[in-house]
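Structure record follows, encoded as structure tokens.
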Amino acid sequence: MKFFVDTAEIEPIRDLAATGLLDGVTTNPSLIAKSGRDFMEVTREICGIVDGPVSAEVVALDHATMMKEAEVLRKIADNVCIKVPLTVDGLKTCKALTGEGTMVNVTLCFSANQALLAAKAGASFISPFVGRHDDNGFDGMDLIEDIRLIYDNYGFETEILVASVRHTMHVLQAAKIGADVMTAPPKVIHDLFKHVLTDKGIEGFMADWAKTGQTILK
Ligand code: G3P
């Protein structure tokens, strides 16, 4: 399972990239606004930190302008992945861009039928928002299961990118279902490392090691 981080903040991206476990980054207009940074500038900086896909979202709602915006965004770096909304114009843009060899992430997916459309449009990634699905009284993971089944039925190569991940259980459930990618805020990724018994175990080993009076490095 690939791990993307869902942020436009540079320091957490650098920090996670240093673990060697980070496969990409996702941003959206809200995250860019939160960063307070210039969109082009921060996207260029992120693309220089990670080798994998960096999603940068168009903000136009019509196909022609989406194409113009994508043209600007894809010149930032080779690893830019153009993010488009799951609308008719978004999928027209997806089809055109992937036909030209540009990576596309189709975002704001809330139904398996929408995911089917995105796959037919040649999307590189489909982003179902599990947290927002849960918030509205649905089970986000049912959506991931349905998309996995449909994509496997037809051999679609579109990668399921589980988004709007709010906690570690979302990551576990998505991995059990076989989602290809998950994108989560830095805190959720850091939470994956934690276990009280790991901390307790280290504490015990350190205490016993101190009793030996030995050192490994002379
Ligand atoms: O990747 C999509 C994500 O940024 C949305 O997350 O928590 O705002 O629903 P959230």
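The values are calculated or read from the model by the stated rules, or taken from the named source; none is laboratory data. Just so it is clear, the model here is predicted, and its values are computed rather than measured. Counting neighbours? That spans all protein chains shown, and the Cβs are built from the backbone with ideal geometry, glycine included. Remember, those area values only see protein heavy atoms, side chains included, never the ligands or the DNA or RNA. Shrake-Rupley method; radii C 1.70, N 1.55, O 1.52, S 1.80 Å.
Number of residues in the stretch 161-201 that are of a type in the set (Gly, Ala, Ser) and within 16 Å of the ligand (Cβ to nearest atom) equals 5.
Look at the stretch 142-171: where a residue is of a type in the set (D, E, K, R) and a partner is more than 16 Å from the ligand (Cβ to nearest atom), sitting 6+ places away or on another chain with Cβ atoms under 7 Å, you get GLU145/ILE177; ASP146/ALA112; ARG148/ILE177; ARG148/GLY178. Restricting the search to the stretch 33-64, which residues are within 15 Å of the ligand (Cβ to nearest atom) and either among the basic types (Lys, Arg) or modelled with pLDDT under 95 (or both)? LYS34 - this is the single residue of the stretch 33-64 that is within 15 Å of the ligand (Cβ to nearest atom) and either among the basic types (Lys, Arg) or modelled with pLDDT under 95 (or both).
Taking the stretch 1-27 as the range and being charged (D, E, K, R), within 16 Å of the ligand (Cβ to nearest atom) and touching a helix residue (DSSP H, G or I) at 6+ places or on another chain (Cβ under 8 Å) as the test, the residues that pass are ASP6, GLU9. Do the conditions hold for ASP180, that is, is it open to solvent by 20 Å² or more (accessible area, probe 1.4 Å), within 20 Å of THR27 (Cβ to Cβ) and touching a residue at least 24 places away in the same chain (Cβ under 8 Å)? Yes, satisfied.
Considering each residue of the stretch 38-53 in turn, none proves to be buried (at least 19 other Cβ atoms within 10 Å of the Cβ), under 19 Å from the mean Cα position of the chain (by Cα) and small (Gly, Ala, Ser). Of everything in the stretch 105-160 that is more than 14 Å from the ligand (Cβ to nearest atom) and at positive phi, the residue that is least open to solvent (accessible area, probe 1.4 Å) is GLY122.
Counting the residues of the stretch 92-105 that are touching a Lys or Arg at 6+ places or on another chain (Cβ under 9 Å), part of a helix (DSSP H, G or I) and within 21 Å of ASP152 (Cβ to Cβ) gives 0.
Does SER30 qualify as being open to solvent by 70 Å² or more (accessible area, probe 1.4 Å), out of contact with any Lys or Arg (no Cβ under 8 Å at 6 or more places or on another chain), within 16 Å of the ligand (Cβ to nearest atom) and small (Gly, Ala, Ser)? So SER30 passes the test.
Within the stretch 60-76, not a single residue is β-branched (Val, Ile, Thr) and buried (at least 22 other Cβ atoms within 10 Å of the Cβ). Comparison of GLU71, GLU157 shows that the only residue that is under 26 Å from VAL50 (Cβ atoms) and out of contact with any helix residue (DSSP H, G or I) (no Cβ under 9 Å at 6 or more places or on another chain) is GLU71.
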